[in-house]
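The values are calculated or read from the model by the stated rules, or taken from the named source; none is laboratory data. Please read these numbers as outputs of a predicted model, since none were measured by experiment. Don't worry about glycine lacking a Cβ; one is built from the backbone with ideal geometry, like all the others, and counts go over all protein chains shown. Note: areas computed on protein heavy atoms with side chains; ligands, DNA, RNA excluded. Shrake-Rupley method; radii C 1.70, N 1.55, O 1.52, S 1.80 Å.
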Amino acid sequence: MPLSPSETSRLLGEFNHRPKKKLGQNFLTDGNIVHKSIAMADLPAGIPVVEIGPGLGTLTKQLLIKEHPVFAVEIDENLFENLKKSLASFIQNKQLNLIKGDAVKKPLAQLPDQVKDFAVVANLPYAISSPWMESLLHSQRIPMTMVLMLQKEAVQRMGAKHGTKEYNALSIFIQAAFQNSHIHPVPRQCFFPVPGIDSVLVQMNRLPTPFHFNQKTRTLIRKIFTQRRKQIGSLLKKEDPPTKKMLEMWISEQNLSRNLRPEQISPEQWRALAEFNS
Ligand code: SAM
């Protein structure tokens, strides 16, 4: 069962661990939220699950009890060593593949290449939610479903529509691969220590044909969004001649007004840019 706040505090004390703010170490202490995360994922039996930042293993243990093979990556040495002990039986029978490392570099916790259908269930450290997502999209291995605990604002940005201030380059890349289907707010008291921000659980399903933005186009879109309030007509003048020519062709093919700002251009129109820029 998930640990209560006092048990979490006692357990951390046992191995002399002070939660590290910069690693987003706010541990889940509410059983209902742990079960909700797993219920929202609604996973077929036996489907492998990737977990980012298992921490004290609260969510991990429930996934293992449900007989999912779990691939987990934890960066913190202390927590990693504790997990190795507390989940030793699952490691021994090879149901749990636990690695120590940075999830931004290993976004799928070394899930074997041959595994095509898998899920991600994670209470993400908020500082890496965007770079981890970028890294996942870059890997071109898109999970069939993800249930992520995220900062409320991050979810708003991911699902943002064009023309809003939350809409950014990552919104475009994520919406090309996933649709958000379910969002559940999570009270701050469900964590120890209690964080200073609001969290939500979000379920995202892989689109039937996820679109992959090539690296070149992602870099260009990200660069263009650093000046999201400028008009594209003036932004393209700063580009080198081949990029400028390509942007001109895209603008004309998509029938875009040169007065449009990057934030007013729809995900579909940005997708068309990738076709010119391959
Ligand atoms: N899953 C646990 C839970 O729900 O109670 C802990 C979640 S806590 C919000 C985030 C976890 O991610 C911590 O264990 C932290 O050490 C780990 N972490 C932070 N940055 C990481 C990174 N770059 N790669 C892997 N793990 C990371």
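In segment 85-143, which trypsin sites (Lys or Arg not before Pro) fall in coil by DSSP and have 13 or fewer other Cβ atoms within 10 Å?
The qualifying sites are Lys94, Lys105, Lys116.
In whole Å, what are the extents of segment 215-276 along the principal axes defined by its C-alpha atoms, from largest to smallest?
The principal-axis extents, from largest down, are 23, 22, 20 Å.
Quote the charge dipole size of the chain about the Cα centre in Debye, to the nearest 20; the model charges only the Cβ of Lys and Arg (+1) and of Asp and Glu (-1).
860 debye
Which percent of the accessible area of segment 215-276 is formed by carbon and sulfur heavy atoms (probe 1.4 angstrom)?
Answer for segment 215-276: carbon and sulfur cover 50 percent of the accessible area.
Rounded to whole Å, give me the distance from the Cα center of segment 205-245 to that of segment 26-48.
Segment 205-245 and segment 26-48 have Cα centres spaced 36 Å from each other.
Taking the Cα centroid of segment 106-124 and of segment 126-189, what is the distance between the two, rounded to the nearest whole Å?
16 Å
Would you list Leu236, Leu260 from the most to the least accessible area, probe 1.4 Å?
Leu260, Leu236
Where only protein heavy atoms count, and the probe is 1.4 Å, what is the accessible area per residue for the chain in Å²?
48 Å²
Enter the accessible area of Arg271 (Å², nearest 10), with the probe set to 1.4 Å and all protein chains included.
Accessible surface of Arg271 is approximately 60 Å².
Working from Cα positions, state the angle (0 to 90°, nearest 10) between the long axis of helix 5-14 and the longest principal axis of the chain.
80 degrees
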